[in-house]
Amino acid sequence: DPSSSSSIQNSVAPELPGFYYDPEKNRYFRLLPGHNNHNPLTKDSIQHKAMECKRLRLLEEEEKQNHKTTRPGLNSSVLLQKRQLGLLSSTSYCRLVHELKVNCMQKRKIEIHSPDSSVAGTNNFKIIVADVACERIFTVHDVEHGGCKYGIINLSGLGKESLTVEMYDNLYFTNRKVLKVSLTHFSKLCLMGIAETPGCASLLPASLFSSTNPGDRPGMLCSFKISTAWSCAWCLNPQADNCFSTGLTRRVLVTNVVTGHRQTFGTSSDVLAQQFATQTPVLYNGCRSGEIFSIDMRQRNRKGHSWKAIRLFHGSAVTSLHVMEAEHYLMAADMAGKIKLWDLRTAKCVKQYNGHHNEYALLPLHVNEEEGLLIAVGQDCYTRIWSLQDAHLLRTIPSPHPPSKDAIPSVVFSSRLGGRRGVPGLLMAVKQDLYHFSYN
């Protein structure tokens, strides 16, 4: 695991003040003071060089398609034989087949076309999010002069020999940094932006990005000025399907977009991650303090009464939440790189997924229960895929670009990219490029 290279090195060679250890030469070298307070040879530069060498080596192995299965003796013929002998259930067989396919995914660069030739490939990708049917991808791009702009990518061309997609830009852009995107079943988009100026939550219809009749497109549905916003979530439960929530500094704000009514819940820490359950109108919140708590929207917020239904605790700031389909389990990630699966009935951690790397970024989790996979991109720009069943790390994919704060990949995974007859695989957006990791 590239993220554990430094810990492995420290276990082999102890760290000495003023020296660094070169594993190739198997000896220590002195860190000399630089000229004019500048020293090109620092621990950070040495570690960055070692990580870059490992990334290039892994990329070379990717190009050679030299992938080894992470489970000994696992191959398609053995799986089929066990299935025919009745040694594997259909569920276990499908899960292991998905693991094999993930291990054999091959990277191909996608050509991005746009009706405006000056638009395609001119701005860096920041966030990509798929709609419910995985037919389109909503994109957020960094703009050179500051702020962000939005777009829609049509995935209908992914099933062809030449991988091409169509991108349509929105007429609107914001001077704020877009931190979170929440999609609804009704093709509306809830956007959360924060910056030095007061933040806002904007509700946009997907028809803004249509390529037909640009003059007939409706404008922004509504925009709510919200200060110090960190997260947002749209409620898909029928009992509160007109509401969205925003996580603020030391409080949670739930807004009804039809009536404009707002409910405020005070907290002891900043709320960095949120998600609504779908079967019940319950909102889960993850805080900077490491606390995770739930709010039942059917319960009135009364003074002197506790409205926190469930309380869980991480050792570091919670950056992402995902409620599982049965809603008995909750997946959570924090800034210490810990990913845990919590049983909400017993309030206990039942699984932990190791290898994720994070120190300060708000990084999302991607859970695909149908395929039995968990996907997360670390702050080190490596994309890791685990088995949901036993938390086994299946594959580590290096970024095509050198790692940096503004080049952390954003990914989408689905077994039907492009719609019902689409192709399975992983989409990765990094810098100005879009890549498709397709199943064999």
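Using a 1.4 Å probe on the protein heavy atoms, what percent of the accessible area of the range 338-440 belongs to carbon and sulfur?
Details: 1770 of 3930 Å².
In the range 338-440, the share of accessible area belonging to carbon and sulfur is 45 percent.
Do any of K177/K405; K101/K126; K225/K340; K308/K348; K149/K431 go past 23 Å between their Cα atoms, and which? Don't jump to the answer; show the numbers that get you there.
On the way: K177/K405 14 Å; K101/K126 27 Å; K225/K340 34 Å; K308/K348 17 Å; K149/K431 15 Å.
Beyond 23 Å: K101/K126; K225/K340.
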Check: Using mean Cβ contacts within 10 Å as the protection proxy, how do 248-254, 281-287 order, highest first?
Finding: 281-287, 248-254
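Once fully extended, how much extra length lies between T259 and E369, figured as 0.36 nm per residue of separation less the alpha-carbon to alpha-carbon distance? Mind showing how you got there, number by number?
Numbers: separation 110, 0.36 × 110 = 39.60 nm, distance 3.54 nm.
Contour length minus Cα-Cα distance gives 36.1 nm.
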Item checked: Net charge of neighbours whose Cβ lies under 9 Å from the Cβ of D406, counting Lys and Arg as +1 and Asp and Glu as -1 -> +2
Next item on the list: Provide the packing ranking of 357-364, 52-59, i.e. peptides ordered by the mean count of other C-beta atoms within 10 Å per residue, highest first.
Entry: 357-364, 52-59
Margin query: Spelling out what I want: for every residue of the range 327-343, take phi, set θ = phi - 60°, compute 6.51 cos²θ - 1.76 cosθ + 1.60 (Karplus), and round to whole Hz; glycine and proline get x.
Written below: 6, 9, 10, 9, 9, 9, 10, 10, 7, 9, x, 8, 10, 10, 9, 9, 8
Note to self: What does the net charge come to around E371 if you take all other residues with beta carbon closer than 10 Å to its beta carbon, with K and R at +1 and D and E at -1?
What the structure shows: -1
Margin query: Could you check the spin-label model distance between Q239 and S89? Points 7 Å from the Cα along Cα→Cβ, value in nm.
Written below: 3.1
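Where does the charge balance sit around V271 when Lys and Arg score +1, Asp and Glu -1, over other residues with C-beta under 10 Å from its C-beta? Display every interim value, and only then the final one.
Details: positive: R250, R251, R288; negative: D270, E291.
Once positives and negatives cancel, what remains is +1.
To the nearest 0.05, what FRET efficiency results for A361 and Q81 with a Förster distance of 56 Å applied to their C-beta separation?
Plugging the Cβ-Cβ distance into 1/(1 + (r/R0)^6) gives 0.80.
Starting with the highest mean, order 72-78, 411-417 by the number of other Cβ atoms within 10 Å, averaged over the residues of each peptide. Mind showing how you got there, number by number?
Values: 72-78: 9.7, 411-417: 20.0.
Descending mean neighbour count gives 411-417, 72-78.
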Next item on the list: Using only the Cα atoms of the range 261-351, construct the convex hull and provide its projected area averaged over every direction, in square nanometres to one decimal.
Entry: 6.1
Notebook entry, point to check: Hey, rough spin-label estimate for S415 and H401, points 7 angstrom out along Cα→Cβ, what's it come to in nanometres?
Noted result: 3.2
Checklist line | Q106 versus K64: modelled label distance in nm, points set 7 Å from Cα along the beta carbon direction | finding: 1.7
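The values are calculated or read from the model by the stated rules, or taken from the named source; none is laboratory data. Predicted model, so just to flag it, every value in this text is computed and none were measured. As a convention, Cβ positions derive from the backbone with ideal geometry for all residues, glycine included, and neighbour counts pool all protein chains shown. Just the protein is used for accessible areas: all its heavy atoms, side chains included, with ligands, DNA and RNA removed. Shrake-Rupley method; radii C 1.70, N 1.55, O 1.52, S 1.80 Å.
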